[in-house]
1. Given 0.36 nm per residue, what is the gain on full extension from residue 24 to residue 38 after removing their alpha carbon distance, in nm?
2. Compute the normalised compactness of the chain: alpha-carbon radius of gyration over 2.2 N^0.38 Å, N being the residue count.
3. Once every DSSP H run of n ≥ 4 in the chain is given -39500 (n - 2.57) and the sum is divided by its residues, what mean residue ellipticity at 222 nm do you get, rounded to the nearest 500 deg cm²/dmol?
4. Excluding residues fewer than 8 places away in the same chain, name every one of the aspartates and glutamates whose C-alpha is closer than 20 Å to that of residue 53.
5. What does the highest-first list of 70-81, 29-40, 10-21 look like by mean Cβ count within 10 Å?
Amino acid sequence: EKRLQKAREAPTLVVAKYTQEVWTKDEDIVELRHRVNDSFRALWENGISAYIKGDWQKARDIFHETMRLSKKKDGPSKFLMEIIDEHGGTAPHEWPGYRADY
């Protein structure tokens, strides 16, 4: 019973105090800053615009390109491609431009 109780408890997260050095020392942030440039950002914005409008085929094509450019490391593109694929590549009927995730 004690083991089950411990398994249900939320883990304790320890987050280091923010310093500006994070922008030059954190490997993930440094890599992200090198991958996301103005052209990548513009491409991704076209993808999210197509997604919101319900043109999911176009959005998927764009997110496929952002995944290629990011060496498959762009989490938002991957997530939205999964949503699109879960719906067979087509926005739901009467798509409001967003999805509720309850």
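1. Extending this stretch completely gives an extra 3.1 nm.
2. 1.45
3. -18000 deg cm²/dmol
4. In chain and number order, the partners are 45, 61, 65, 82, 85, 86, 94, 101.
5. 70-81, 29-40, 10-21
Read the figures in this text as sums done on the coordinates, not as results from a lab. Keep in mind that this is a model prediction, so the values were computed, not measured. Neighbour counts are summed over all protein chains in view; Cβ atoms, including those assigned to glycine, are modelled from backbone coordinates with ideal geometry.
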